[in-house]
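Quick note: the coordinates plus some simple rules give every number you see, no bench work behind them. Because the structure is predicted, anything quoted here is derived from the model rather than measured. Quick reminder, even Gly has a Cβ in these numbers, built from the backbone with ideal geometry, and neighbours come from all protein chains shown.
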Amino acid sequence: MIIFKEPASLATFLNEKRRLQKSLGFVPTMGALHAGHLLLINESRAGNDLVVASIFVNPTQFNDAKDFQKYPKTIEKDVYALEKAGCDVLLLPDVEGMYPDGTGNGQVYDLGSLETKLEGFYRPGHFQGVCRVVHRLLDIVQPDRIYLGQKDFQQCMVIKRLISIIGSEAKVVVCPTLREADGLAMSSRNMRLNPDQRLTATGIYEALDEVRQNQHTKQVQELEASAVSSLTARGFRVDYVKIVDASNLEPVAQISSGKKMVALAAAYLDDIRLIDNIFLN
Ligand code: AMP
């Protein structure tokens, strides 16, 4: 695996690969890699000539400075895991390389209501930061395909919208959420959970799974409220549990088989914020 620290050097290297008609699959990450990230690498490996990953903890997408400071970093392990998974190229830039004009004001992306719903509402500015970094990464890598995880459901929608705003040719491939044996969605932030919190954390998956199981016998509001109570009773501080139309995140009045719906949750254990989602029907 070749490691580039300079975005410009990577861009030059990839221009040559593109000239040779090599297809490029891209997996952007913030590191502290787990099997969920490696699933994206595998998918990219299967669908492209060259697999490019990036590790960059993007300061502009953290609306909470403490969350940024405490974000786990396991770079040596990450490099080893990527190499083993068959990643060809890793971009490991620093903040100056990614933001040559500084992290201050940048382009503002019109994300419509995606920016004010769910994650957008609870993490103001977050998706603008995601767009800034992904826009820069797409300019550098210019991949044929970008691999994203369903775990960050709303982020997938935001990046699809970004791609249409900037006119990138990259095709989005969304991969399913990889889970621990007890159902907890794999996440870099899980590393910060103490053993008790780790046991409790699976409650998010269990609450969403209960929504799925009861979707035909209970009303939407009842399903959401009982998920919030069960999480609160376990010690979570809940931002939201919502059942929405999977195509636009609009609230739904009732579960209907004609529409694809998704139940999403975000909740804290201490200062560790966890998110998850499950498709209904
Ligand atoms: P992150 O490093 O958290 O920014 O995640 C990088 C990519 O990995 C994003 O597209 C995530 O949606 C994806 N990802 C994170 N967790 C999982 C998981 N448990 N299963 C599948 N993909 C994941």
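Brief remarks on what is shown
- Whole-Å distance, taken between Cα centres, linking the stretch 136-211 and the stretch 29-56: 12 Å
- The C-alpha atoms of the chain define a longest principal axis, and helix 153-166 lies at about 40 degrees to it.
- Helix 126-141 and the longest principal axis of the C-alpha atoms of the chain enclose an angle of approximately 30°.
- Kirkwood-type radius of the chain, with distances r between different C-alpha atoms, in Å: 19.7 Å
- DSSP bridge orientation in the chain - percent antiparallel, rounded to nearest 5: 50 percent
- The chain: calculated mean residue ellipticity at 222 nm from DSSP helix runs of at least 4, using -39500 (n - 2.57): -12000 deg cm²/dmol
- Alpha carbon convex hull of the stretch 30-100, volume per residue in cubic angstrom: 101 Å³
- Percent of Cα pairs exceeding the 20 Å cut-off, where the set is the stretch 29-150: 49 percent
- Rounded to the nearest 20 debye, the dipole magnitude of the chain is 300 debye, with +1 charges on Lys and Arg beta carbons, -1 on Asp and Glu beta carbons, and the Cα centre as origin.
- Tensor-based shape of the stretch 129-250 (alpha-carbon gyration tensor, a/c under 1.5 rounded, otherwise prolate or oblate): prolate
- In degrees, nearest ten, helix 7-19 long axis to first principal axis of the chain (Cα): 80 degrees
- Cα-based reach from Lys117 at 20 Å (exclusive), listing aspartates and glutamates while leaving out same-chain residues under 8 positions away: Asp64, Asp152, Glu224, Asp239, Asp245, Glu250, Asp276
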